[in-house]
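Asker: After the structure tokens below, expect a handful of questions from me.
Please treat every number below as a calculation from the coordinates, not as lab data. Because the structure is a prediction, the values reported are computed rather than measured. With ideal geometry, Cβ positions are generated from the backbone for all residues, glycine too; neighbour counts draw on all protein chains shown.
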Amino acid sequence: MRFRFAETAIDTSAARREVLDSGAGGYVSFEGWVRDHNEGREVTRLEYEAFQALAVKEGDRIVAEALARFPIKHALCIHRVGSLDLTAMAVWVGVSAAHRGEAFAACRFIIDEVKHRLPIWKKEHYRSGDSGWVNCEHCAAAPGHTDHTHHTHHTDHA
Amino acid sequence: MTLAAAQVYGLILAGGSSSRMQRDKAALEYRGQAQLDRVFDLVALHVPRVFVSVREDQTRDPTRARRPLIVDSAVLAQDAAAAGATGGPIIGIRSALGAFPDVAWLVVACDLPFLSATALNQLLTQRDPGRLATAFLSTHDGLPEPLCAVWEPAAAPALAEHQRAGRNCPRKFLINHPVKLLEPEDRRALDNINTPAEYAAALGALQGIDPGPGAPPMQLSIQYFALLREQAGRSHETLETAAATPADLYAELQHRYGFTLPREQLKVAVNSDFADWSRRLVAGDSIVFIPPVAGG
């Protein structure tokens, strides 16, 4: 299993052990965090919801694609569901490889594809008391793997 | 070299004696429509010509007489009888193959109250014209179902041989010859009825369902997520619908629940995998409409 959901806080040290490899000279991880603002509004917390049966299949396919595309050793992605407070970790990606270049590239590939392809939704709760589902159309467009400056998300990987 | 596949006509088998039912099965009514008419009209949506297969003594029967008929060939029946075969559906199929030697036949028994467009579509799209026939495997015993099948022109001599050996059973023919066998997508479509009790049960099962011939209604299960869950006021439901595709179904549900998202912004999953909006839905499918995603 190369992709999974977590109902509670992601245990990154346990996850990191899953990609250890004696042939790996480098390891890259990415953490997406809940941020206190989005598109000019103050955010107090997020609710994540997923169609897990399909998301797990598609998540496994994404990691399998990364393993086929880049010369890496192992890759794993874990995504949270449920209610998350500010600074909580929403997603974790870990990649090990013989060399750092491939590990960085594969990690970037996985998080970009995860954001674009998995049936996961988040509802923002605002300081003002209302809330709304994030329907950002540029997320639904095909991601370019080079230019991500247009992404403006809650989590720090924008 | 690939030969062009033969054109397909429809043949509705209505020559049975209905002995267990104790009344003519072709005339049994579901929602005011004779069973024979319902099956005939459904098959007519899929092939250019449809005939009813009858015995010589049934040609004036009012349920049958208003349709184009193919009467069992007396010559074939005598030959079969001489070999010890008593006729039955094989005579009807052979008579049709004899009447139009270049045509393949979508052969359907008239006593299939649950027959669906889904089943006929599957048979016709997955047909292998290079075999003697294309048939479904029974959901009850896993054996081939001869009476909802496509019979190719090349089956004629083999069927003649079968009867010359005194064999009468079309099912044994399918078991012993090179035919294409399909797992039915619509698992209820071939449930036939033979007794008054089965007729009563079928009437009950069809209660509340409007069996228009082109769009037999079916039960689907739907799961809702995120904004759609909130707007539908539920996370899942099962419903009867005549929607043929996910696009039709979304239009129906958008009307019912006032979904604000246009379909162009959604994707759809059928049975937990991404699917086309134009995919043909079948009974029991599980559908999820996917609003713009926002993971990460």
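Asker: Nothing charged except the Cβ atoms of Lys and Arg (+1) and of Asp and Glu (-1): what's the magnitude of the dipole of the range B:91-161 about its Cα centre? Round to the nearest 20 debye.
Answerer: Numbers: 3 positive and 7 negative charges, 21 e Å.
Charge dipole, the range B:91-161, about its Cα centre: 100 debye, nearest 20.
Asker: Still on this structure, I have one more. What average number of partner chain Cβ atoms lie no more than 10 Å from the Cβ of the residues making up B:179-191?
Answerer: What the average comes to for B:179-191 is 0.
Asker: Summarise the partner chain shielding of A:48-60 as one whole number: the mean count of Cβ atoms from other chains within 10 Å of each residue's Cβ. Don't skip to the answer; put the middle values down first.
Answerer: Working: counts 4, 5, 4, 10, 1, 7, 8, 3, 1, 4, 4, 1, 0.
For peptide A:48-60, the averaged partner shielding equals 4.
Asker: Counting only other chains, and only Cβ atoms inside 10 Å, what mean value do you get across the residues of A:113-124?
Answerer: Details: counts 1, 3, 4, 3, 4, 5, 10, 6, 11, 5, 4, 1.
Across the residues of A:113-124, the mean count of other-chain Cβ atoms within 10 Å is 5.
Asker: Another question, then. Name the residue farthest towards the positive end of the dipole of the range A:1-147 from the options A:G59, A:G101, A:S128, assuming +1 on Cβ of Lys and Arg, -1 on Cβ of Asp and Glu, about the Cα centre.
Answerer: A:G101
Asker: Which of the pairs A:K73/A:K123; A:K122/B:K267; B:K180/B:K267; B:K25/B:K180; A:K57/B:K180 have their Cα atoms more than 24 Å apart in this structure?
Answerer: On the way: A:K73/A:K123 35 Å; A:K122/B:K267 17 Å; B:K180/B:K267 34 Å; B:K25/B:K180 29 Å; A:K57/B:K180 32 Å.
A:K73/A:K123; B:K180/B:K267; B:K25/B:K180; A:K57/B:K180, as the Cα separations exceed 24 Å there.
Asker: Using only the Cα atoms of the range B:1-128, build the gyration tensor, take square roots of its eigenvalues as a ≥ b ≥ c, and label the shape rounded, prolate or oblate: rounded if a/c is under 1.5, else prolate if a/b is larger than b/c, else oblate.
Answerer: Working: a/c = 1.86, a/b = 1.06, b/c = 1.75.
Since a/c reaches 1.5 but b/c is at least a/b, the shape of the range B:1-128 is classed as oblate.
Asker: Also: Label the range A:49-88 by shape, choosing from rounded, prolate and oblate, from the square roots a ≥ b ≥ c of the eigenvalues of the Cα gyration tensor; if a/c is under 1.5 it is rounded, and otherwise prolate applies when a/b is larger than b/c, oblate when it is not.
Answerer: Oblate is the answer for the range A:49-88, as a/c is 1.5 or above yet b/c matches or exceeds a/b.
Asker: How big is the charge dipole of the range B:155-296 about its Cα centre, in debye rounded to the nearest 20, if each Lys and Arg gets +1 on its Cβ and each Asp and Glu gets -1 on its Cβ? It would help to have the intermediate numbers written out before the result.
Answerer: Details: 14 positive and 16 negative charges, 97 e Å.
Using Cβ point charges on Lys, Arg, Asp and Glu, the range B:155-296 gives about 460 debye.
Asker: Let me ask something additional. Going by alpha carbons, how many degrees (0 to 90, nearest 10) lie between the helix axis of B:155-164 and the longest principal axis of chain B?
Answerer: Relative to chain B, helix B:155-164 is tipped by roughly 50 degrees.
Asker: Another question, then. Sorted by packing (mean other beta-carbon atoms within 10 Å per residue), highest first, where do B:157-168, B:220-231, A:12-23, B:122-133 land?
Answerer: Most protected by this proxy first, the peptides run B:220-231, B:122-133, B:157-168, A:12-23.
Asker: Calculate the tail of P(r) for the protein assembly as shown: the fraction of all Cα-Cα distances greater than 41 Å, expressed in %.
Answerer: Numbers: 41672 of 102831 pairs.
For the protein assembly as shown, the fraction of Cα-Cα distances above 41 Å is 41 percent.
Asker: Continuing with the same structure: Looking at the range B:1-108 only, what percent of DSSP beta bridges run antiparallel? Nearest 5 please. Show your work: numbers first, answer last.
Answerer: Details: 2 of 14 bridges.
Here the antiparallel bridges make up roughly 15 percent for the range B:1-108.
Asker: With point charges of +1 on the Cβ of Lys and Arg and -1 on the Cβ of Asp and Glu, referenced to the Cα centre of the range B:1-97, which listed residue (B:I70, B:G88, B:A34) lies farthest in the positive direction of the dipole?
Answerer: B:A34
Asker: Moving to a separate point now. Give me the dipole magnitude in Debye, nearest 20, for the protein assembly as shown about the Cα centre, with unit charges on the beta carbon: positive for Lys and Arg, negative for Asp and Glu. Could you put the intermediate results ahead of the total?
Answerer: Numbers: 47 positive and 53 negative charges, 154 e Å.
The dipole of the protein assembly as shown has a size of about 740 debye.
Asker: Same structure again: Give me the net charge of B:R171's neighbourhood, meaning all other residues with Cβ under 11 Å from the Cβ of B:R171; Lys, Arg count +1, Asp, Glu -1.
Answerer: The answer is 0.
Asker: Additional query: Using a/c under 1.5 as the rounded threshold, could you call the range B:119-191 rounded, prolate or oblate? The axes a ≥ b ≥ c are square roots of the C-alpha gyration tensor eigenvalues, and prolate needs a/b larger than b/c, oblate otherwise.
Answerer: Numbers: a/c = 2.57, a/b = 1.50, b/c = 1.71.
Taking the square roots of the gyration eigenvalues as a ≥ b ≥ c, the range B:119-191 is oblate.
Asker: As a test of the formula, what do you get for chain B when each DSSP H run with n ≥ 4 contributes -39,500 (n - 2.57) and the sum is divided by the residue count, at 222 nm and rounded to the nearest 500 deg cm²/dmol?
Answerer: Numbers: 10 runs with 90 residues, N = 296.
When only DSSP H runs of four or more count, the value is -8500 deg cm²/dmol.
Asker: At what distance in nm do the modelled label points of B:R67 and B:W277 sit from each other, each positioned 7 Å from its Cα along Cα→Cβ?
Answerer: 3.8 nm
Asker: Nearest 10 degrees, 0 to 90: what angle lies between the long axis of helix B:196-206 and the longest principal axis of chain B (Cα atoms)?
Answerer: 30 degrees
Asker: Angle between the Cα long axis of helix B:35-44 and the longest principal axis of chain B, 0 to 90 degrees, nearest 10?
Answerer: Result, in degrees: 70.
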